[in-house]
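Working notes, beginning with the structure itself.
The values are calculated or read from the model by the stated rules, or taken from the named source; none is laboratory data. As the structure is a computational prediction, the values presented were derived from the model and not from experiment. Cβ placement follows ideal geometry from the backbone for every residue including glycine, while neighbour counts extend to all protein chains displayed. Ligands, DNA and RNA are stripped out before the accessible areas are found, and what is left, the full protein with its side chains, is counted by its heavy atoms. Shrake-Rupley method; radii C 1.70, N 1.55, O 1.52, S 1.80 Å.
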Amino acid sequence: MTTATLLNVKEVAEMLGLSERTVYRLSDTGNMPQPVKLGAAVRWRRQELESWIENGCPKRQRKLKKKTN
């Protein structure tokens, strides 16, 4: 079993060459992999970020809610 490396916002910002605020904005708008929330802490999986970068940084797919009448 492998354990996922979790990165904090500072580490993600350094990895992407962005500000911490920009990382939060990208995340909040669905433009990067979804973070893992551990209580008040927010972390990103390194492997998901690396894969996201390799794939050209696509927007993440959002689940559509089904309408009920």
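At a glance:
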item	result
Per-residue HN-Hα couplings for region 24-33 [Karplus 6.51, -1.76, 1.60; θ = phi - 60°; Hz; x = Gly/Pro]	4, 5, 4, 5, 5, 9, x, 9, 7, x
Residue-normalised accessible area of the chain, given per residue in Å² at a 1.4 Å probe	83
Value of [θ]222 nm, deg cm²/dmol, for the chain, DSSP H segments ≥ 4, -39500 (n - 2.57) each, nearest 500	-10500 deg cm²/dmol
Cβ-based charge dipole, the chain, positive-most Cα from GLN47, TYR24, VAL12	TYR24
